[in-house]
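This report refers to the structure that appears directly beneath it.
The values are calculated or read from the model by the stated rules, or taken from the named source; none is laboratory data. Owing to the predicted nature of the structure, the values given are computational and were not obtained by experimental measurement. Cβ: placed from backbone, ideal geometry, glycine included. Neighbour counts: every protein chain shown. Accessible surface is based on the protein model in full, side chains and every heavy atom, while ligands, DNA and RNA are left aside. Shrake-Rupley method; radii C 1.70, N 1.55, O 1.52, S 1.80 Å.
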Amino acid sequence: QVQLVESGGGLVQAGGSLRLSCAASGIIFSIYTMNWYRQAPGKQRELVAAITTSGSTNYADSVKGRFTISRDNAKNTVYLQMNSLKPEDTAVYYCNVQMVFQTAWGQGTQVTVSS
C-alpha cells in the first residue's frame, strides 16, 4: 500500500522559510516523478513543483525563484524548500505521485504565512 507522509508545515512570517518533507513507502520511489500541490481555502488544488526521476524540475510561475524541490532516493523522500514566503502561499500542501494505475496523495501539511 502506497503511503505519503508530509511534515514540516507551520506558521511563519512573510519573508521567512520552511522546508517540507514527504516520506514515501510502498512504492519504488526512484522510478516516479514526485509532485507538490497546494490548496488554499476556496481555491482549486494547484501544482506547485515537480521533480522527475532524473532530477529535472518544474515550478508554478508563482513560486519560481523562491521554492526548490529536491529528492533523496536513498531515503524515499521528496522535499520542498520554500523561501521568501508570502501570505498568498498560505495553503495545505500535498505530496503526490501518479503511477500507472493509481494516484496517491499525502494527508497534507498546513502552511500559514502571516503578514
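Note on the range 22-43: residues that are open to solvent by 30 Å² or more (accessible area, probe 1.4 Å) and either at pLDDT 95 or above or of a type outside the set (A, V, I, L, M, F, W, C) (or both) total 11.
A count restricted to the range 49-68 and to residues that are open to solvent by less than 50 Å² (accessible area, probe 1.4 Å), among the β-branched types (Val, Ile, Thr) and touching a helix residue (DSSP H, G or I) at 6+ places or on another chain (Cβ under 9 Å) stands at 1. The C-beta contact set for the range 63-78 (first residue under 19 Å from residue 16 (Cβ atoms), second residue assigned to a loop (DSSP other than H, G, I, E, B) and not small (Gly, Ala, Ser), distance under 7 angstrom, 6+ apart or interchain) comprises 66/83.
Would you list the strands (runs of 3 or more DSSP E) that sit entirely within the range 1-88 and hold 3 or more residues that are not β-branched (Val, Ile, Thr)?
3-7, 10-13, 18-25, 34-39, 46-51, 67-72, 77-82
The residue of the range 101-115 that is surrounded by the fewest Cβ atoms within 10 Å (Cβ to Cβ), among those that are more than 19 Å from residue 10 (Cα to Cα) and not small (Gly, Ala, Ser), is 101. When the range 3-21 is filtered for residues that are of a type in the set (A, V, I, L, M, F, W, C) and surrounded by fewer than 17 Cβ atoms within 10 Å (Cβ to Cβ), the ones remaining, listed by number, are 5, 11, 14.
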